[in-house]
1. So, G388, is that one without any contact (Cβ under 8 Å) to a residue 12 or more places away in the chain and either over 27 Å from the mean Cα position of the chain (by Cα) or under 27 Å from Q476 (Cα atoms) (or both) or not?
2. Take region 545-565 and flag every residue that is part of a helix (DSSP H, G or I), out of contact with any helix residue (DSSP H, G or I) (no Cβ under 7 Å at 6 or more places or on another chain) and within 20 Å of K372 (Cβ to Cβ).
3. Could you please give the count of residues in region 167-181 that are modelled with pLDDT under 75 and of a type in the set (A, V, I, L, M, F, W, C)?
4. For region 409-436, give me the residue count where each residue is part of a helix (DSSP H, G or I) and modelled with pLDDT under 80.
5. Out of all the residues in region 1-15, which are touching a helix residue (DSSP H, G or I) at 6+ places or on another chain (Cβ under 8 Å) and more than 14 Å from M125 (Cβ to Cβ)?
6. Hey, among the residues in region 384-403 that are modelled with pLDDT of 85 or more and in a helix (DSSP H, G or I), which one's surrounded by the most Cβ atoms within 10 Å (Cβ to Cβ)?
7. Of (1) modelled with pLDDT of 85 or more; (2) touching a Ser or Thr at 6+ places or on another chain (Cβ under 8 Å), A499 satisfies all except one. Which?
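The values are calculated or read from the model by the stated rules, or taken from the named source; none is laboratory data. Worth saying up front: this structure is predicted, and the values here are computed from it rather than measured. FYI the Cβ positions are ideal-geometry reconstructions off the backbone, even for glycines, and counts take in every protein chain you see.
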Amino acid sequence: MIKDFVKKRFWFYLAGVFTLIVVDTLQLIVPKFISRAVDSLNVETPDVNVAKIMALGIVGIAIGMFITRFFWRFFIIGSARKFTYEARKILYDKILSLDMSFFDKHRSGDLMAHFTNDMNNIERMMGPGIVMMVDASFMSVITIFFMATSVGWKLTLIALIPLPLIVLISLVFGKFIYKRSKKVQDTFSDLSGFTEESIDGVRILKTFSILPKFEEIFQVKAKDNFKATLSLIKVWGIMWPLIHFISSMAYFITIAYGGPMVINQKITLGEFFAFNNYIGMIVWPLTAIGWVINIIQNGRASYNRVLNILNTQSKVVEPENQDIKIGSIDNIEIKDLNFAYPESDRLVLKNVNMRISKGQLVGIVGTVGSGKSTIVKIISKLYPVQRGHVFVNGYDINDIPSKIVRTKISYVPQETFLFSTSLKNNIAFGMEDFDEWQVKEYAMLSAVHSDIERFPKSYDTVVGERGVTLSGGQKQRVTIARALIRNSDVYIFDDCLSAVDPETEEKIIKTLRESMKNKTMVIITHRLKVLTNADMIYVFDNGEIIESGKHDELMNLNGLYAKMYRKQLIEEELS
């Protein structure tokens, strides 16, 4: 990613490096002017005019440095910001393209750390890191040249004796910095993930009165991040004083050896003054090597973390032929399907056989954890499945692009999620053009219209984060309306009416059945009464279909379905 970006922005970086070199060159001329001014005044008959000209020259150089500094910041720092902008977009698109098994393993807080902390580190590597690298390289070479031409190579080489140690120290400490920087980023990611999760679930924490426990966990994670950061600071704390101590030795040698040269008139006072300025200038680029290593190591650690995400391959492999057209979905067939979630050996589904035909109302019921939700997620192509087991209109589902499958199948999961926008926009989510009457029509079908009308701003009411201002039943019915407005071929309702009363659920299913006769409906529910008129009911237990048929047929079998149904009737009578 970085390599391709640098190729694309090569001329910007080249222009930035050129203007940076111009700034450094102008900066190196200043001591020459000062030296000339000092020498013109340090004589029996001082020449004030020369000093004035040198002063004007320094002002001119300052103006030139002001202009060129703007340009190198524009070209290099601007390019770094451009990289961050593009990298965030690439990372965002990549994450959205991954299948659900990726999100089963990665917390949203961890992913957010890639967009914030990691991207900032990479930006510093692509901007200030390059500036310092060029600055250090050019300034080191050219400053030594100016020093040598000012007072000769002998004093220059003697004064530079301690300075190579700065480079050695920077290289040695750089290895420690890289390891500890990675530790800091990992602990920060863990901390941000836990914090985001706690804030999302704050109502649960308060309900269960376990805030002290979570505060304790937060303190542990914050302390781990603090310890990792402190460990990194300790390395810096040793490295920088050591570098400054070594650089001060160069001043000591210059004064101890160069002072007598001025007295003995081997060099002028102005030359000695300029030489000292150059010593100060060369200490910076050599010290900057430490900064460069620090920035690059931090950037590398963050870049590798981002690359791990970008190199992750979706378990749901898209077909090479993206132009396949299946028309409307006439049937979905599952043959001898055995399924285990990615990176797990435990079979969630075992030898499952199903057939769903156009216009049918199909019920899926069973015990808790029997694989009911898993089967509909596979039908919606949210998880990978082996070839030869799931077919849509006779095509293997692996040969049909995910976009087509999810356009023709509307899946309403158990977990309701609303965006922090108006109810109208939540129902018409993903639709660019829609009429308000459409929104109301499908809100009526899902029996939420009257509830919305009672709000002060009706359909323009903005719900809180994740729809927190609505009741559980209202959120579920809004998500159903959001699925219905898409006008898909197949609607899958995964126990998405559990928060409404049985009578309302039965009324909604009956209304949908009557108004959408040509649509296929798959309903997962624990309330078996709503499935009495279903065309087919599949009963799951421990990942297997142990019974199938219509309501009356299953009652006659007197198996698990019949027992569950009779139990619910008794519970209703008792309540």
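1. Numbers: without any contact (Cβ under 8 Å) to a residue 12 or more places away in the chain: no; either over 27 Å from the mean Cα position of the chain (by Cα) or under 27 Å from Q476 (Cα atoms) (or both): yes.
So G388 fails the test.
2. Quick first cut of region 545-565, residues part of a helix (DSSP H, G or I) only: 551-557, 560-565.
With the extra rule that they be out of contact with any helix residue (DSSP H, G or I) (no Cβ under 7 Å at 6 or more places or on another chain), the set shrinks to 552-553, 556-557, 560, 563.
Those that are part of a helix (DSSP H, G or I), out of contact with any helix residue (DSSP H, G or I) (no Cβ under 7 Å at 6 or more places or on another chain) and within 20 Å of K372 (Cβ to Cβ): E553, L557, L560, K563.
3. Going residue by residue through region 167-181, those that are modelled with pLDDT under 75 are 167, 170-171, 174-175, 178.
The next check asks that each one be of a type in the set (A, V, I, L, M, F, W, C); those that pass are 167, 171.
Qualifying residue count for the region: 2.
4. Narrowing region 409-436 to residues part of a helix (DSSP H, G or I): 423-427, 436.
From what is left, the residues that are modelled with pLDDT under 80 are 436.
Residues meeting the conditions: 1.
5. Start the filter on region 1-15 by keeping residues that are touching a helix residue (DSSP H, G or I) at 6+ places or on another chain (Cβ under 8 Å), which leaves 1-2, 5-6, 9, 12-13, 15.
R9, F12, A15 - these are the residues of region 1-15 that are touching a helix residue (DSSP H, G or I) at 6+ places or on another chain (Cβ under 8 Å) and more than 14 Å from M125 (Cβ to Cβ).
6. I397
7. (1)
Here's the yes/no breakdown for (1) touching a Phe, Trp or Tyr at 6+ places or on another chain (Cβ under 7 Å); (2) without any contact (Cβ under 8 Å) to a residue 60 or more places away in the chain; (3) surrounded by 13 or more Cβ atoms within 10 Å (Cβ to Cβ); (4) under 19 Å from S515 (Cβ atoms):
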{"site": "E415", "(1), (2), (3), (4)": "no, yes, no, no"}
{"site": "L418", "(1), (2), (3), (4)": "no, no, yes, no"}
{"site": "S422", "(1), (2), (3), (4)": "yes, yes, yes, no"}
{"site": "N425", "(1), (2), (3), (4)": "no, yes, yes, no"}
{"site": "A428", "(1), (2), (3), (4)": "yes, yes, yes, yes"}
{"site": "D435", "(1), (2), (3), (4)": "no, yes, no, yes"}
{"site": "E441", "(1), (2), (3), (4)": "no, yes, yes, yes"}
{"site": "S446", "(1), (2), (3), (4)": "no, no, yes, yes"}
{"site": "R454", "(1), (2), (3), (4)": "no, yes, no, no"}
